[in-house]
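The values are calculated or read from the model by the stated rules, or taken from the named source; none is laboratory data. Note that the structure is a prediction, hence the values are computed from the model and not measured. Cβ sites come from the backbone with ideal geometry, for glycine too, and all protein chains shown count toward neighbours.
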Amino acid sequence: MRIPNHVGVIPDGNRRWAQNNGLSRSEGYRCGIDPGRLLFNLCKKAGVKELTYYGFTVDNTKRPKDQIKAFSDACVNSVELLSKEDADILVLGNTESPLFPKELLPYTTRKTCGKGGIKVNLLVNYSWKWDLNYLKNSKSKSNNINNQIETNDVSRIDLIIRWGGRRRLSGFLPVQSIYSDFYVVDDYWPDFKTDHFHEALNWYNEQDITLGG
């Protein structure tokens, strides 16, 4: 089986899951932490070299304050859990905003945890406009666009998996996702199952990867 080097994750459906289970919308984010750790271990076991989670975006911070605190706390707790694993962790997002969790500032340069190994990226207070802003003002003559974006330490994504049934990227790493295969899971993220990941890998294995060639 062909294994993607880099898997991107859009863990959507937390609020809808919470409502369906009689919980407040903010409680849905807390229930999305364990699936993230489970998926990390599955990726590591499968031989995935890099894994990127979509934490929350600048646009998400327009939501009610209790939800902002909930998904911010979930990101902090997720990084704290992953920091106990063997991984190289990087958090990317607009750190100049007061809505960026200060607890994650030490991870805004890649940090080796345990023995290191698989690269794990978490997008926190992320915006595609923030990511590409430097390009607008850049006078560099370099043809390598990836060297001129904020997320330049993130490689091209082979497979993006989105939970929650939505068929859109929602601004997820526009440069790195240019040739990504896109797999959608209809179940909500807190209902994560290992079969979701294995089915995505089986689907990816059947795709004709040409990268435009």
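The single condition from (1) closer than 23 Å to LYS119 by Cα; (2) of a type in the set (Gly, Ala, Ser); (3) in contact with an Asp or Glu (Cβ under 9 Å, 6 or more places away or on another chain) that ALA18 fails is (1). Restricting attention to the range 1-16, the residues that are on the phi < 0 side of the Ramachandran plot and either buried (at least 23 other Cβ atoms within 10 Å of the Cβ) or under 17 Å from the mean Cα position of the chain (by Cα) (or both) total 10.
Which residues, counting only those in the range 26-57, are buried (at least 18 other Cβ atoms within 10 Å of the Cβ), more than 14 Å from the chain's Cα centre (by Cα) and more than 20 Å from THR194 (Cβ to Cβ)? Those that are buried (at least 18 other Cβ atoms within 10 Å of the Cβ), more than 14 Å from the chain's Cα centre (by Cα) and more than 20 Å from THR194 (Cβ to Cβ): SER26, GLU27, GLY28, TYR29.
For residues that are surrounded by fewer than 18 Cβ atoms within 10 Å (Cβ to Cβ) and in contact (Cβ under 8 Å) with a residue 12 or more places away in the chain, scanning just the range 201-213, find the one that is farthest from GLY8 (Cα to Cα). Per the stated criteria, the residue is GLY212. Residues that are over 21 Å from ASP34 (Cα atoms) and not aromatic (Phe, Trp, Tyr) do occur in the range 196-203, at least one of them. Just one of the listed residues (PHE172, PHE197) is of a type in the set (A, V, I, L, M, F, W, C), assigned to a loop (DSSP other than H, G, I, E, B), within 27 Å of VAL76 (Cα to Cα) and at pLDDT 95 or above, namely PHE172. Taking the criterion of being within 27 Å of TYR126 (Cα to Cα) and either loosely packed, with under 12 Cβ neighbours inside 10 Å or among the aliphatic types (A, V, I, L, M) (or both), the only residue of the range 187-200 that qualifies is ALA200.
Taken residue by residue, the range 162-180 has at least one member that is surrounded by fewer than 17 Cβ atoms within 10 Å (Cβ to Cβ) and of a type in the set (Val, Ile, Thr).
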